[in-house]
Amino acid sequence: MFVDHIKIQTKAGNGGNGSASFRRTKTDAKGGPDGGDGGKGGDVVFEVDLHTDNLKTFFFQSHHKAEHGKNGSSNRKTGKSGKSLVMKIPQGTLVYAGSRPTKIVPIEAPDWGGEGPDESKVKMSSGFEPMDEEEALAAEPLVDLTEIGQKFVLCKGGEAGKGNVNFKSATNQAPTETIPGGIGEEAVFYLELRKIADAGLVGFPNAGKSTLLCALSAATPKVAAYPFTTLKPMVGVVDFKGFSRATIADIPGLIEGAHKNVGLGHEFLRHIMRCRLLMFVADMAGTDGDDRHPITDIQMLRKEIKLYNEDLAAQPWIIIANKMDLPESQANLEALQPRFPKIEVIPISGGEETGLEDLKKRLQQLIGHRPE
Ligand SMILES: Nc1nc2c(ncn2[C@@H]2O[C@H](COP(=O)(O)OP(=O)(O)O)[C@@H](O)[C@H]2O)c(=O)[nH]1
Ligand SMILES: [Mg+2]
């Protein structure tokens, strides 16, 4: 399963309460205040991870909480801070606010006991007011997470409470005053994985990918600036009849052994996942060497993709049978289709620009959409 957008709800830990306590020993029956501070609540944090390529973990669990801080105790003992929850997310994740904060008003309830404020005893609004998806996505994202290791705090943990030891003064030797721990933030977010294009071209070098992309695109394909990749995808916009279009990416780098991360293999595969449709371009004449044949070319490419990731292998794909202007191509086409009986094969010549109208019609049905 490949998940590229999802809604999540997160809650940071509450701060632990400060303690109200007085030193009591055999020799000192009326000791001063010794109530320690609470611990800080844990944050909820995103961290960009090289080995995470989609948002599927959030599909199975949409609510995420960090730990509460522990309460302070006598003997000036500070409560332990709550552990932050660090969640791994893929490069190119856009984070949108999905809620607005509302005011949290804790009532006075110093004796919460246990760990952190007991929310049933805290009078507060829910702390956030959810937005609907349309409203959330219309706004600018909060952050575009592009660097491996980059972190982003989604919800800040509550402040640590203060024990009565802090409130001793010349005029008050026995303060009972404490500050309860702060409430950890809670919020909703929409996550979206940046898509490179609607369709991605996959093929061996010289299969004719660049030529095809130029022939299909209204304007010359542009090198897309994707801060999260060292590959330089060329992205072209294909205009269809009516008010509809699609983007197609030519991402260089897929070679045999890509799943073992030879060359830029992994990087290629990670990014090709972000296309809705994979277009396998085959040189039907097998012009690129004596031992090359379009059937084995496609089989090898499919194998690379399967070995890398089953999710990627399950994504929709078609075969573009290219270079049909060359004499050997027709016989190879007749042999190819029965080998992939469930897969649509579209014969074209990118060089001669034949078959492109039929290809465009199919692409419109498969990936056409209104301009954004
Ligand atoms: N005969 C023929 N040659 C083509 C066709 N499409 C591309 N070529 C040639 O094949 C070579 C490789 O094309 P290119 O688009 O650079 O392939 P890429 O490496 O997959 O991007 C070039 O010499 C093209 O002129 C085609 O439909 N017919
Ligand atoms: Mg090329």
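Throughout, read-outs are computed from the coordinates displayed, never taken from laboratory work. Because the structure is a prediction, the values reported are computed rather than measured. Glycine also receives a Cβ, built like all others from the backbone with ideal geometry; neighbour counts cover every protein chain displayed.
Odds and ends about this structure:
- Computed from Cα atoms alone, the Kirkwood hydrodynamic radius reported for the range 12-112 is 16.6 Å.
- Modelled FRET efficiency - R0 41 Å, Gln337 with Glu140, Cβ distances, 0.05 increments: 0.30
- Extending 7 Å from Cα along the Cβ direction at Ala219 and again at Lys88 yields two label points whose distance is 3.9 nm.
- Over 29 Å [Cα-Cα, the range 1-194], rounded percent: 36
- Share antiparallel - DSSP beta bridges, the range 1-194, percent rounded to 5: 75
- Rounded to the nearest 5, the antiparallel percentage of DSSP beta bridges internal to the range 197-367 is 35%.
- With both residues required to sit in the chain, DSSP beta bridges show an antiparallel share near 60%.
- Scattering from the chain was approximated by placing one identical point on each alpha carbon and applying the Debye formula without solvent; log10 I(q)/I(0) at 0.06, 0.15 1/Å stands at -0.38, -1.19.
- The chain, helix-only ellipticity at 222 nm - DSSP H runs n ≥ 4, -39,500 (n - 2.57), divided by all residues, nearest 500: -5000 deg cm²/dmol
- Under 5 Å, built H, 5+ apart or other chain: amide partners of Gln150: Val48
- Principal axis box of the range 197-367, alpha-carbon based, largest edge first, Å: 43, 42, 27
- If R0 is taken as 56 Å, the Cβ-Cβ distance between Phe152 and Phe240 corresponds to a FRET efficiency of 0.90.
- Cross-link partners of Lys40 among aspartates and glutamates, defined as those whose alpha carbon lies under 14 angstrom from its own and excluding same-chain residues fewer than eight positions apart: Glu67, Glu115, Glu159, Glu185.
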